[in-house]
Amino acid sequence: MSGIPSDRDSIFEYPCRFFIKAIGYNRPEFRSTILALAQRHAPEVMDGDIQQRYSADHNYLALTITMLAQSRAQLDAIYTELSRHELVLMAL
């Protein structure tokens with residue numbers, strides 16, 4: 001056993017509809033940056049697959065990406081990249 005989780009260890013059955021949320025400062029480049037990052041791992045994700053919501057004071061922006069996840073490895077790669085990106089404060 002390698003210690004790396006596999007699709008067999010998941011509670012999800014792939015492919016499945018999945019929602020990923022990225023929260024960051026409300027900057028002009030935030031949405032396009034997050035879209036490009038998601039498309040590196042899921043090329044079928046389009047701008048229309050993203051919903052956005054501003055904080056009450058409009059200082060922060062939350063983006064929710066709706067996608068068809070193909071595997072746990074794909075989701076792990078997206079979350080890893082989101083978590084490391086300087087514009088992202090939180091990935092859920």
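Things worth noting here:
- Here's the picture: charge each Lys and Arg Cβ at +1 and each Asp and Glu Cβ at -1 in the chain, and of Q74, I34, M46 the one pushed furthest to the positive end of that dipole is I34.
- F12 contributes about 90 Å² of solvent-accessible surface, heavy atoms of the protein only, 1.4 Å probe.
- Ranking by accessible area, most exposed first, for E29, E86 with a 1.4 Å probe: E86, E29
- Spin-label model, R17 to T66: label points 7 Å out along the Cα-to-beta-carbon direction sit 0.6 nm apart.
- Residue-averaged [θ]222 nm for the chain, counting only DSSP H segments that reach four residues, each worth -39500 (n - 2.57): -8500 deg cm²/dmol
- Angle in degrees between helix 30-41 and the longest Cα principal axis of the chain, rounded to the nearest 10: 20 degrees
- Answer label, with Cα extents along the principal axes in Å calculated from the coordinates and candidates (i) 47, 25, 22; (ii) 68, 24, 20; (iii) 117, 39, 13: (i)
- Accessible-area order (highest first, 1.4 angstrom probe) of the listed residues M67, M90: M90, M67
- As a fraction of the 1.4 Å probe accessible area of segment 12-87, surface on carbon and sulfur atoms comes out at 51 percent.
- In Å², nearest 10: area of Y79 left accessible to a 1.4 Å probe: 60 Å²
- Across the chain, Cα pairs under 8 Å and at least six residues apart give a relative contact order of 40 percent.
The values are calculated or read from the model by the stated rules, or taken from the named source; none is laboratory data. Being a predicted model, the structure only gives us computed values, none of them experimental. All Cβ positions, even for glycine, are placed from backbone atoms using ideal geometry, and neighbour counts span all protein chains on display. Keep in mind that these areas ignore ligands, DNA and RNA; they rest on the heavy atoms of the full protein, side chains included. Shrake-Rupley method; radii C 1.70, N 1.55, O 1.52, S 1.80 Å.
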